[in-house]
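Following: one structure in structure tokens, then a few remarks.
Rule-based calculations on the coordinates, nothing more; no lab input. Computed from a predicted structure; not experimentally measured. When we count neighbours, we look across all protein chains shown, and the Cβ atoms used for this are built from the backbone with ideal geometry, even at glycine.
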């Protein structure tokens, strides 16, 4: 209540006469009318101060929001829900990320160059290029409404460990994506443990999950022969995995390629263990062992990438080592895996030697000596 209202009430208390009193004159009558008018004004003022504000006129105020600009019709634009704005931003970011990912993916020409840069594997490169040409012509025939014979792109990779089977499979998955055979082009690597479970009914689920993750790309099964049970081995869950795999290969034949890999003789036995495998896998790629010169080229490439420089004596030692390694190889020959292990041993020996030097120079950090290779062989 304001100050004027309080004064009005005070004046009202002084002027109103007790009940039953009389009016002495016209002057008193006029005073009485004035007093009544003041009382009415004071009452109205009090009602205004205490009356509730109608709900329809209440507008919540958010100090963090600016007034919206009027739209074309003169009405204010609706304020967007912050969560909806965030969803739009996330969606736009996802689209942008996908576009950028597509832009970064290598082209067919770049992938073929990458294939050619692999050491050795001349017959494999030739077969891969022939297969790519075959698929490209099939697509052109389809576009020209010409018939094509049935096509199975599932493959068998045979050869010893370290011969580049996984590397070629990865490049092949990207090549097939580049020419439109596969929608994604990813490579999913598994072995028996990634397909077979230890209890009845679980193997089918595990195999299905592996296939699902590979849809749009290649499922690469290493040492696939371990799925085929030996005669008289009883109830082996590998058989269940094979049967599940064959069904899913048929169900998703338009967007899934399966490559089975392993040693040559066991893989032949694996393919002939089930008629369904023989009918679906009709393309064979033999990965031969790297010879001594090729092993040396792989080693030189590893050194160059990590900026290690062999002096002349060390280069001669390495070349002779790999030639001897190839000539005396046995069933445990590791091919490029042996080169990788040898390189890592050299790096370790080099680090021990250089760390003992005072004031190491850039040359010390890069030059590899013959003695480093000699010690690495014995590790």
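Computing FRET efficiency as 1/(1 + (r/R0)^6) for residue 269 and residue 330, where r is the C-beta to C-beta distance and R0 is 30 Å, gives about 0.90.
By per-residue mean of other Cβ atoms within 10 Å, what is the highest-first order of 241-253, 156-168? Write out the running numbers ahead of the final one.
Working: 241-253: 18.0, 156-168: 20.8.
Ranked from most to least packed, the peptides come out as 156-168, 241-253.
As a rough guide to protection, the peptides 276-289, 170-183 ranked by mean Cβ packing within 10 Å, highest first, stand as 170-183, 276-289.
Classify the range 105-287 as rounded, prolate or oblate, taking a ≥ b ≥ c as the square roots of the eigenvalues of its Cα gyration tensor: rounded when a/c is under 1.5, otherwise prolate if a/b is larger than b/c and oblate if not.
Numbers: a/c = 1.85, a/b = 1.50, b/c = 1.23.
Because a/c hits 1.5 or more and a/b exceeds b/c, the range 105-287 counts as prolate.
So if we plug the beta-carbon distance of residue 200 and residue 247 into 1/(1 + (r/R0)^6) with R0 = 25 Å, what FRET efficiency do we get, rounded to 0.05?
The computed FRET efficiency comes out at 0.90.
The share of C-alpha pairs in the range 188-274 whose separation exceeds 20 Å stands at 28 percent.
How would you classify the range 247-288 from its alpha-carbon gyration tensor, with a ≥ b ≥ c the square roots of the eigenvalues: rounded for a/c under 1.5, else prolate if a/b is greater than b/c, otherwise oblate? Because a/c hits 1.5 or more and a/b fails to exceed b/c, the range 247-288 counts as oblate.
Relative protection proxy for 314-326, 359-371, 213-225, from highest mean packing down: 213-225, 314-326, 359-371 (other beta-carbon atoms within 10 angstrom). Length gained on full extension, residue 300 to residue 361: 19.7 nm, using 0.36 nm per residue less the C-alpha separation. Taking the alpha carbon gyration tensor of the range 143-238, multiplying each eigenvalue by 5 and rooting it gives semi-axes of 29, 17, 14 Å, largest first. With the cut-off at 1.5 for a/c, could you classify the range 292-377 from its C-alpha gyration tensor as rounded, prolate or oblate? The shape class here is prolate. Straightening the chain between residue 137 and residue 215 buys 25.7 nm, computed as 0.36 nm per residue apart minus the Cα-Cα spacing.
Quick check: convex hull of the Cα atoms in the range 278-317, volume per residue, rounded to a whole Å³? Please report the intermediate quantities before stating the final value.
Numbers: hull volume 3.4 nm³, N = 40.
That works out to 84 Å³ per residue.
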